[in-house]
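Scroll down for the structure; my scribbles are underneath it.
The values are calculated or read from the model by the stated rules, or taken from the named source; none is laboratory data. The shown structure was predicted, so the numbers you read here are calculated from the model rather than taken from an experiment. Using ideal geometry, Cβ is built from the backbone for each residue, glycine included, and neighbour counts are taken over all protein chains shown. Calculation scope for accessible area: heavy atoms of the full protein, side chains included, ligands and nucleic acids excluded. Shrake-Rupley method; radii C 1.70, N 1.55, O 1.52, S 1.80 Å.
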Amino acid sequence: MSLLTDIARGMLARRKRQTLVSVAGVALGVGFFIGTAAVMRGFQTYFISQIIDVQPHITIKDELRRPLPQAAELANPGAAVALAGLRPQDRIRGIRAPGDRMAILEAIPGAAAAPLLTGQALMRYGARDVSATVTGIDPLRYPRVSNIAKDITQGSLDDLRTTANGIIIGVGLAERLGISLGDSMNAVSPRGVTLLMKVVGIFRTGIVSLDQTQAYTLLKVNQILQDRPSVVNQIVLRLEDVRQAEPLARMIEARFGERTESWEEQNANILTVFTIQNSITFSITGAILLVATFGIFNVISTVVFEKTRDIAILKSLGFTERDIQVLFLIQGLAAGAIGAAMGCALGALIIEGMAQIRFGSGATSGNDRFILAREWQIYAIASGVAIVSAAVAAIIPARRAARLDPVQTIRGAA
Amino acid sequence: MSLLEADSISRRLPEGPVLLSEASLAVAGGEFVAITGPSGSGKSSLLYLLGLLDRPSSGRVLLQGQDTTGLTGDALAALRLARFGFVFQFHFLLPEFSALDNVAIPIRRTGLARAEARDKAQTILAGLGLGSDSAKMPDQLSGGMRQRVAIARALANDPAVLLADEPTGNLDTKNAAAVFDIFAELARDAGRAVVIVTHDAELAKRATRRVHLVDGRIVSDAAQG
Ligand SMILES: Nc1ncnc2c1ncn2[C@@H]1O[C@H](COP(=O)(O)OP(=O)(O)OP(=O)(O)O)[C@@H](O)[C@H]1O
Ligand SMILES: [Mg+2]
């Protein structure tokens, strides 16, 4: 084996420049793959971790995936029923028997659940009216499924319980109303209920749309405000293992009937964009590698052509067809491996180069640079693909070399 | 029992031409056989068949009484490695390797480690008067030296049969005589047969046996001198 490696090295050394060009091709393919994959994966992983961090992992809604069948459809099963001008017979909105469901959900290991009632309300302070989304929460359970405790910058969550009609509002909402901690304002719901509410806390999530529109009260207070006594219209869950979200969501939906969405389903559009991004990266890199592979095919073919005499003499000396085939496969593998090693170095350089880039000052909360994934798996995949394709490229010329008839060559040379 | 025997071998090309017809030849250890004949008479074809580098269209080649007809390509390669040595008109040295490494390559192929193989190769080269030139690359050697390195390579695994196809064809008279002497010397070993194709009638006279080919047929086969 080391003998064949020695002979292979000697043969490749003879074609230094051509070998170098094809090796450089492989290196470019591998390097760019590592660079782009680091940016893509870095961004995607960051984005997903943000989603997982901020959003509930599972949301149970007070609706069904399919509307309930109408009376006419039930009466004529299987028939084509056309209904016009009928008001759909809907049940009272809200999750049925939330207490029982909470008990079941809280028994799931590795999961925390919290019931919510969300609704709209108009916040009225002085001459200003700002519309807001009011979420009624259970202050003991909700912190287990959200970052609310961490996001509160003034006041505290506990004050919701100790203060009558306390409300916690986003920092943007407070600014738009011109209200501060400890002030009271009127909240008016679409059902016409008006409550005088006292600001007991202000939070900042960093997500502007939330900070400008979101408000939290006790579940009971919001049930009064929305005039929906005892109703819960969402149950949100947070899991220790986010990968369980989708299967668990399907189980819950099958059991309860209510539409249940995992974070993956809620963000399906952005996850699809990631898939498209990844396929573009893979196809571009694949194209580069294909060209590089063709380069390797070219070098090995040339070497085989030029080394016809040496192949003949090796065979006359007692080398087998398999020896000859391995001899040229080694050359392809070597070109691929050297290219992959150089590509890894290039990729690391590209990554460190991108790490130096700053996008100016406008960005919020430290997002002024590339988020880069420095994962060894990216290097391993790129190198593996490069080496395997180099070996594949060498197979055809190697087989041709193995089949050469030494007698023809020796005769021709004499 | 003869060392190497051709039993009525013929070689036809698929396209039609007949390179060799029904040649029979038995060579014993210690024999020094010269094959002569006009150009195109089938001397090289016979040599390739005797050396298991080519397969006959009909007939059998026997090595120490063992028929080689049904053997696989790998088995024939193994026999070439262990039992045969070839020298051609052109030296066919690998240009990327020194004289020493060229000789060491077939030794290493038998499984010997690099250092041991090189020691052995050095001894063989020294025996042919090339002890101080072994580190040189082929293109740094003269024509006669290259051919002697090629002979050393053929001798690398101490073959039972040494086959040479016009090994002196590219050499001047002085070098040709020297190389021929080497073969004559090698044939003195009772365990080894030397078969050499040559155009040179003077040299052919010095062999112990002479086989003459015309149009792919053996027309005479006689011991001499
Ligand atoms: N591949 C081939 N196609 C056609 N004819 C061939 C082929 N190989 C050999 N021949 C012919 O077969 C005949 C025998 O060839 P061979 O090389 O054995 O002769 P030779 O005696 O060694 O000749 P020389 O003295 O010129 O080396 C020659 O006429 C040659 O032209
Ligand atoms: Mg010939």
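One table, with the values for the structure above:
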quantity: Residue-wise HN-Hα coupling along the stretch A:203-212, computed from phi with Karplus coefficients 6.51, -1.76, 1.60 (Hz; x: Gly, Pro); calculated: 10, 9, 8, x, 9, 4, 4, 6, 5, 8
quantity: Per-residue mean of C-beta atoms belonging to partner chains within 10 Å, peptide A:307-317; calculated: 6
quantity: Beta bridges by DSSP in the protein assembly as shown, antiparallel share as percent, to the nearest 5; calculated: 65 percent
quantity: Coil-residue GluC sites (Glu not before Pro) of the stretch A:161-254, DSSP, other Cβ within 10 Å capped at 12; calculated: A:Glu240
quantity: Hypothetical label at B:Ala177: residues of the stretch B:96-133 whose amide nitrogen lies under 15 Å (7 Å Cα-Cβ projection); calculated: none
quantity: Counting DSSP beta bridges with both ends in the stretch B:4-223, the antiparallel % (nearest 5); calculated: 55 percent
quantity: Where the protein assembly as shown is the region considered: accessible area per residue in Å², 1.4 Å probe; calculated: 47 Å²
quantity: Those lysines that a straight Cα-Cα span of less than 16 Å connects to A:Lys307, excepting residues fewer than 8 apart in one chain; calculated: A:Lys16, A:Lys315
quantity: In the stretch A:1-88, the trypsin sites (Lys or Arg not before Pro) that fall in loop regions by DSSP, at most 15 other Cβ within 10 Å; calculated: A:Arg65
quantity: Candidate lysines - alpha carbon under 22 Å from B:Lys205, same-chain residues fewer than 8 apart omitted; calculated: B:Lys43, B:Lys174
quantity: Exposure rank, largest accessible area first [B:Tyr48, A:Tyr125; 1.4 Å]; calculated: A:Tyr125, B:Tyr48
quantity: Peptides A:269-275, B:211-217 ordered by average Cβ neighbours within 10 Å, highest first; calculated: B:211-217, A:269-275
quantity: Cut-off 13 Å between beta-carbons: net charge of the residues surrounding A:Gly155, Lys and Arg +1, Asp and Glu -1; calculated: -1
quantity: Portion, in percent, of the accessible area of the stretch B:4-223 that falls on carbon or sulfur, probe 1.4 Å; calculated: 50 percent
quantity: Sorted peptide list for A:380-386, B:73-79, A:324-330, A:49-55, criterion being average Cβ within 10 angstrom, highest first; calculated: A:324-330, A:380-386, B:73-79, A:49-55
quantity: Under the Karplus curve 6.51 cos²θ - 1.76 cosθ + 1.60, θ = phi - 60°, whole-Hz ³J(HN,Hα) for the stretch B:38-47, x wherever Gly or Pro sits; calculated: x, 4, x, 7, x, 4, 4, 4, 4, 5
quantity: Sites matching trypsin sites (Lys or Arg not before Pro) across the stretch A:279-380 that sit in DSSP coil, with at most 16 neighbouring C-beta atoms within 10 Å; calculated: A:Arg358, A:Arg369, A:Arg374
quantity: Relative contact order of chain A, pairs being alpha-carbon contacts under 8 Å that are 6 or more residues apart, as %; calculated: 27 percent
quantity: Proximal lysines to B:Lys120, defined as alpha-carbon separation beneath 20 angstrom and excluding residues fewer than eight positions away on the same chain; calculated: B:Lys136
quantity: Accessible area that becomes buried as A packs against B, both chains, 1.4 Å probe, Å², nearest 100; calculated: 2400 Å²
quantity: Distance in nm between pseudo-label sites at A:Leu349 and A:Val208 (7 Å out along the Cβ direction from Cα); calculated: 4.0 nm
